[in-house]
Amino acid sequence: MAAVAPTLARRIARPGMLPLCSRPQAWGRAARQSPGLPRAPSLLLTQRRAFSNNKILVELDEGSGIATMKLKSPPVNSLSLDFLTEFCISLEKLENNRGCRGVIFTSAIPKIFSSGLDITEMCRKSTEHYAEFWRAVQEMWLRVYGSNMVTVAAINGSSPAGGCLLALSCDYRIMAENPKFSIGLNEAQLGIVAPFWFKDTFVNVVGHRVAERSLQLGCLHSAPEALRIGLVDELVPEEKLQDKAAAVIAQWLALPDHARQLTKSMMRKLVLDRLVAHREEDIQNFISFITKESIQKSLHMYMEMLKKKKG
Ligand SMILES: CCC/C=C/C(=O)SCCNC(=O)CCNC(=O)[C@H](O)C(C)(C)COP(=O)([O-])OP(=O)([O-])OC[C@H]1O[C@@H](n2cnc3c(N)ncnc32)[C@H](O)[C@@H]1OP(=O)([O-])[O-]
């Protein structure tokens, strides 16, 4: 896998090449085949296949067609360029496997789902690096938001900013009912601005008013508050999270794939098309924004604040 990752990173990064996700995936593809009557995954006598790279562990239950992608990039599952590259490779493998019909995203790190974009990737780097990094962030979102598969986030820890975006991009969100875990698009607290496609994804989940207030204030919502505003769909005790996620996917997979996929595509197309049509412009916007001295100062201060809080 280590040999494959830089190749994909280059494919994602090279402006002249057709981007991997030049077209969202939820349309223009034949429906996945349902393996038969839907059954609860626990009742199946099935084979599990696992594959892993440095930062993602994938398990596919071949009987139910449900895969689990476990994020395992200590200490906090930050979305670095390497992480995003490996994430997209793993997801692409599942997308290409017609036996896989649903994916659960969860974390292998206790108490943290994902800490969002890796802030160090946005500090004092070259414009080439920023372009490569931002293309990889776009790619993750295009792949998850446009996926043909049923996607469920089993949020077993805190999930700020980019971590929240990953969860928001899924079809369904279940969070561990621990009031210490928080989730939200807190970019404003770092002195940075969530791009339009983060905002659109958020609005599509919670509605305009709730999204506007939450974005302007850079809110991190506790798990109960996240349920109240519709940012997550349900809370369950942490030990029941994975079983609940599998049961939800089984329920969604009970419908004919083509009808569910076309409906998903119809609901998400506008937002996906907007980024696909303006991908390069969005990268340039990111570069102009992130290279501002004031923004670099804000990010530096935020990282210092994280270190102080720790020490
Ligand atoms: C336009 C752009 C849009 C941007 C979108 C984004 O996603 S912006 C991202 C917005 N994200 C946020 O605002 C989240 C900021 N993070 C947090 O709030 C907390 O770290 C936590 C709640 C995730 C975990 O709390 P905890 O007490 O369990 O852990 P801890 O706090 O002790 O950290 C352990 C180590 O990890 C480090 N590190 C942490 N996060 C990041 C990161 N994103 N990146 C890099 N590094 C990060 C931290 O510095 C420390 O390093 P050290 O000193 O060991 O070298």
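Nothing in this text is a laboratory measurement; each read-out follows from the coordinates by a stated rule. The shown structure was predicted, so the numbers you read here are calculated from the model rather than taken from an experiment. Heads up, the Cβs are rebuilt from the backbone with ideal geometry, glycines too, and the neighbour counts pull from every protein chain shown.
Per the listing Ala153, Ala67, Ala167, Ala131, the residue uniquely among the small types (Gly, Ala, Ser), within 16 Å of the ligand (Cβ to nearest atom) and over 27 Å from Gly207 (Cα atoms) is Ala131. Scanning region 250-271 for residues that are touching an Asp or Glu at 6+ places or on another chain (Cβ under 9 Å) and of a type in the set (A, V, I, L, M, F, W, C) gives Trp252, Leu270, Val271. Taking residues in region 255-267 that are among the small types (Gly, Ala, Ser), and partners anywhere that are assigned to a helix (DSSP H, G or I), not one pair has Cβ atoms closer than 8 Å while being at least 6 places apart or on different chains. Mind checking which residues of region 107-120 are within 8 Å of the ligand (Cβ to nearest atom) and either out of contact with any helix residue (DSSP H, G or I) (no Cβ under 9 Å at 6 or more places or on another chain) or assigned to a strand (DSSP E or B) (or both)? Within region 107-120, Lys111, Ile112, Leu117 meet the criteria. When Gln251, Gln261 are checked against the criterion of being in a helix (DSSP H, G or I), away from the ligand (no atom under 14 Å from the Cβ) and exposed (fewer than 14 other Cβ atoms within 10 Å of the Cβ), Gln251 stands alone in meeting it.
Counting the residues of region 171-200 that are under 24 Å from Val248 (Cα atoms) and either of a type in the set (S, T, N, Q) or over 19 Å from the mean Cα position of the chain (by Cα) (or both) gives 4. Scanning region 134-144 for any residue that is in contact with a strand residue (DSSP E or B) (Cβ under 8 Å, 6 or more places away or on another chain) and within 13 Å of the ligand (Cβ to nearest atom) turns up at least one such residue. Here Ala211 meets the list (1) surrounded by fewer than 16 Cβ atoms within 10 Å (Cβ to Cβ); (2) in contact with a Lys or Arg (Cβ under 9 Å, 6 or more places away or on another chain); (3) of a type in the set (A, V, I, L, M, F, W, C) almost entirely, failing just condition (1). Does Glu239 meet the test of being over 21 Å from Leu60 (Cα atoms) and among the acidic types (Asp, Glu)? No: the conditions fail for Glu239. Of all residues in region 264-278, exactly one satisfies the criterion of being within 16 Å of the ligand (Cβ to nearest atom) and in a helix (DSSP H, G or I), namely Leu275. Selection within region 279-311: residues that are part of a helix (DSSP H, G or I), over 26 Å from the mean Cα position of the chain (by Cα) and among the basic types (Lys, Arg). The member of this set that is nearest to the ligand (Cβ to nearest atom) is Lys310.
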